[in-house]
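Colleague: Pasting a structure below so you can have a look.
Read-outs: derived from the displayed coordinates by stated rules, not from any lab. Quick caveat: nothing in here was measured; it's all calculated off a predicted structure. Every residue, glycine among them, receives a Cβ derived from its backbone with ideal geometry; neighbour counts consider all protein chains shown.
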Amino acid sequence: MSEQLAINIKGLKKQYRLGQIGGGTLTADLQSWWARMRRKEDPNSKIGSDQRLIGQRFWALNGIDLQVKKGEALGIIGGNGAGKSTMLKILSRITAPTEGSVDIYGRIASMLEVGTGFSPEMTGRENIYMNGAILGMTKAEIDAKMEKIIDFSEVREFIDTPVKRYSSGMYVKLAFSVAAHLDAEIMIMDEVLAVGDMAFQKKCLDKMRDAATVEGKSVLYVSHNMNTIRKLCDRCVVLDKGRVIFDGDVEEAISVYMQSSHLNMSPTVDLTHARRPGYTVGTARMEHICFEESDNCTYAPGKRIPVVFTWRALAHLEDVGVRMLVVNQDGSPVGLTFSEPLKTVDSGEWVESKLYLEFPGLVEGTYMLTISLFQGDYVGNSIILDTLERACAFQIKNDNQTDAVLNWPARAWGAIQFPNITVR
């Protein structure tokens, strides 16, 4: 049986301790310990931190049993905090499990974030050699694949430039190309297609599919975009609160995920502590978004949606814009809208703007917003200051059923209903 397996996971558990573990010095640790003994506030805690979370235990994974066959493309889906990234980190040997066992039959090429394992001071070519050496390849083996890697990455003219000067798109192109072409029997990818142009994303999907079907590699792919899961994977696992709640057909897995996902339909959403992707500049911080004129974030088709958007500048910024991507509940993009440039702000300044969102033609359904603060550079590219994927959700619902001509199957017809055809 093990001859057909690439990965065998039994009883996998991972526990984390919430809050700060150490104060950095023995004196600070003793002060914190003495404060806890007297049930006093920790003098070394950060301002605004929740003392109730200090020392508590959290099971990120709570008993995972999973087998991955050779040549299989396995999708892993689930909400934020379900344990997807933790499991991939254990498989990539970044962290160790608390309990359970993981048997891996073959070498692993993992890409958990944009440019994982890259040294910013080294050139693209040097990073290719370094990644290959980490996987146990010889220089001759890397030389044999070098041209294929460079051609696929589409960054040939910058290959001898330090990668710290690469854009986020160039970074992910080279990083994916390295992971896809080096000799490894197992490929692990975590949301790596969130960056890069559409043509390159399609090329990556084709390459990952060929890796499984033609080259016989095993592919583990984590994504919130259900369309890419459908195109790439022939089996899918749904995680929820550190456990596997479904393992089987892709469409059935997506259906289970949709039913189990808890969208944030609150009119006021705190964005402060939400997880940010690694490719943001970090010179701005989104704080809150508040939907107005609705208690449950539900609006009639064509109705203008007013929201109050609050963010904070962490540097002097000019001509900052807000970009909102509307995505379906399954993660597929619907459309994009931009704001006009906001006012110039100084470091530390708070900005509260009232934005009016207009989505004419959007049919009934539940949608999510991926929100970004950005600036344009001198060549017209977007510099992402801060971004949150699927930050909040809203519904479009037609309460006046007499206006509805027919039921609209959005899965078959799309999320936009165009104006009626004019007949003359």
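Colleague: Work out how much length ASN80 to GLU157 would gain on full extension: take 0.36 nm times their residue separation and subtract the Cα-Cα distance, in nm to one decimal.
Modeller: 23.9 nm
Colleague: What's the long-distance tail for segment 59-260, i.e. % of Cα pairs beyond 21 Å?
Modeller: 51 percent
Colleague: Could you give each residue of segment 221-229 its phi-based ³J(HN,Hα) in whole Hz, using Karplus coefficients 6.51, -1.76, 1.60 with θ = phi - 60°, and x for Gly or Pro?
Modeller: 10, 9, 7, 9, 8, 5, 5, 5, 4
Colleague: Please tell me the relative contact order of segment 210-276 in percent, rounded to the nearest whole number, where contacts are Cα pairs under 8 Å and at least six residues apart.
Modeller: 18 percent
Colleague: Around LEU12, what is the net charge, scoring Lys/Arg as +1 and Asp/Glu as -1 over all other residues with Cβ under 10 Å from its Cβ?
Modeller: Local charge sum for LEU12: +1.
Colleague: Moving to a separate point now. Determine ³J(HN,Hα), in whole Hz, for all residues of segment 167-177 in sequence, where each value follows from phi through the Karplus function 6.51 cos²θ - 1.76 cosθ + 1.60 and θ = phi - 60°; x replaces Gly and Pro.
Modeller: Those phi angles translate into 6, 4, x, 5, 4, 6, 4, 5, 4, 5, 4 Hz.
Colleague: Please report the relative contact order for segment 268-399, taking Cα pairs under 8 Å with a sequence separation of at least 6, and give it as a percent rounded to a whole number.
Modeller: In percent, rounded to a whole number, it is 31.
Colleague: Between ARG39 and THR98, what's the calculated FRET efficiency when r is the beta-carbon distance and R0 is 22 Å? Round to 0.05.
Modeller: 0.15
Colleague: Sticking with this structure for a sec: LEU30 to THR272: extension gain in nm, 0.36 nm per residue of separation minus the Cα-Cα distance?
Modeller: Separation in residues times 0.36 nm, less the Cα-Cα distance, equals 84.0 nm.
Colleague: Could you work out [θ]222 nm for the chain from helices alone, using -39500 (n - 2.57) per DSSP H run of at least four and dividing by all its residues? Round to the nearest 500 deg cm²/dmol.
Modeller: Mean residue ellipticity, 222 nm, calculated: -7000 deg cm²/dmol.
Colleague: Further question on the same structure: Taking every DSSP beta bridge with both residues inside segment 59-260, roughly what % is antiparallel (nearest 5)?
Modeller: Expressed as a percentage, antiparallel bridges in segment 59-260 total about 25.
Colleague: Send over the per residue convex hull volume for the chain, Cα only, as a whole number of Å³.
Modeller: 206 Å³
Colleague: Still on this structure, I have one more. Could you line up MET187, MET324 from fewest to most neighbouring Cβ atoms inside 10 Å?
Modeller: Sorted ascending by nearby Cβ count, the order is MET324, MET187.
Colleague: Do the alpha carbons of any pairs in LYS164/LYS207; LYS10/LYS84; LYS173/LYS231 sit beyond 24 Å of each other, and which pairs?
Modeller: LYS164/LYS207
Colleague: Taking 8 Å as the Cα distance limit and 6 or more residues as the minimum spacing, I'd like the relative contact order of the chain as a percentage.
Modeller: 14 percent.
Colleague: Compute for segment 268-399: radius of gyration divided by Kirkwood radius, i.e. Rg/Rh, restricted to C-alpha atoms, rounded to two decimals.
Modeller: Radius of gyration relative to Kirkwood radius: 0.96.
Colleague: Let me ask something else. Which FRET efficiency value, to the nearest 0.05, do you get for GLN15 and GLU340 by plugging their Cβ-Cβ distance into 1/(1 + (r/R0)^6) with R0 = 56 Å?
Modeller: Taking R0 as 56 Å, the efficiency between GLN15 and GLU340 is 0.70.
Colleague: Would you mind ranking THR95, THR228 so that the residue whose beta carbon has the fewest other beta carbons within 10 Å leads the list?
Modeller: If I rank by nearby Cβ atoms, fewest first, I get THR95, THR228.
Colleague: Something else about it: If you take every DSSP beta bridge whose two residues both sit in the chain, what share of them, in percent to the nearest 5, is antiparallel?
Modeller: Of the beta bridges lying entirely in the chain, close to 75 percent run antiparallel.
Colleague: Also, I was wondering about something else. Give me a comma-separated list of calculated 3J(HN,Hα) values for segment 414-420, in order, Karplus coefficients 6.51, -1.76, 1.60 applied at θ = phi - 60°, integers in Hz, x for any Gly or Pro.
Modeller: After applying 6.51 cos²θ - 1.76 cosθ + 1.60, I find x, 9, 10, 9, 6, x, 4 Hz.
Colleague: Any chance you could list P(r) for segment 229-281, counting all Cα-Cα pairs in 10 angstrom bins from zero, rounded to whole %?
Modeller: Result, from short to long distances: 20, 33, 34, 13 percent.
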